[in-house]
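The values are calculated or read from the model by the stated rules, or taken from the named source; none is laboratory data. Keep in mind the model is a prediction, meaning the values are calculated, not measured. Note: ideal-geometry Cβ built from the backbone for every residue, glycine included; neighbour counts use all protein chains shown.
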Amino acid sequence: MVKNILIPFLVVAGIIIFTFLCFNNIETFLSDLLNRVINNPFLFALASFAVLTSDIILPVPSSVVMFTNGYVLGLFYGALLSIVSLMISSYLGYYIGKFTSRGLKTEADLKANQILEKYGTLAILMSRGIPILSESICIVCGYNRMPLKRYLTYNLIGFVPLSFLYAFCGSMGYEKDIFLLSFVFSLLIALAFWFYGKSIASKTLSGR
């Protein structure tokens with residue numbers, strides 16, 4: 001049952017890393033694209049939406065994009081754009097994983113899904129701001145058929161504080177020190193979700 005989580009995770013992570021290596025210039029291209037339309041909020045919002053939703057398959061600097069959303073659109077609209085874009089990206093990742101698992105209905109698959117139902121919350125919450133890991137978890141959740149409603153709910157819980165954090169810091173100004181500060185706080189949010197997830201897991205196990 002561990003194999004049905006570990007193997008798809010390693011395969012997906014390998015594919016994503018390969019994409020990063022093969023398309024290492026795309027990050028610069030995407031950043032330049034956003035910078036070209038940074039003075040036009042409407043065009044910027046469209047470009048940012050396209051960039052963030054493609055994060056599931058392309059090496060997108062999502063933290064920089066979320067920060068810039070706040071700088072261009074302000075706290076509320078910048079955070080809202082990030083949340084909607086990242087949720088759609090997660091939705092796509094789930095179905096990429098789900099379609100690759102078609103026809104897998106063995107007992108091991110069912111047990112792997114049970115593991116995700118117990119501990120998937122922790123994996124989803126703490127990985128939302130971590131490149132490669134975040135995308136890999138999304139696809140593995142789809143591969144092992146985690147209930148979609150639960151999956152989307154915990155993605156939303158994970159993305160909301162990160163999106164508002166980056167949008168808030170971005171709205172304060174386009175300064176390198178502010179971005180680094182926001183990145184540090186995003187790691188603290190991941191750490192807080194770790195302890196929160198461990199608490200949920202321990203309660204689940206104690207209730208068995």
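Summary table below
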read-out	value
N155 being at pLDDT below 85 and among the polar types (S, T, N, Q)	no
Spans of helices (runs of 4 or more DSSP H) in region 1-58 with at least 1 residues under 21 Å from L86 (Cβ atoms) and at pLDDT below 90	3-22, 26-36
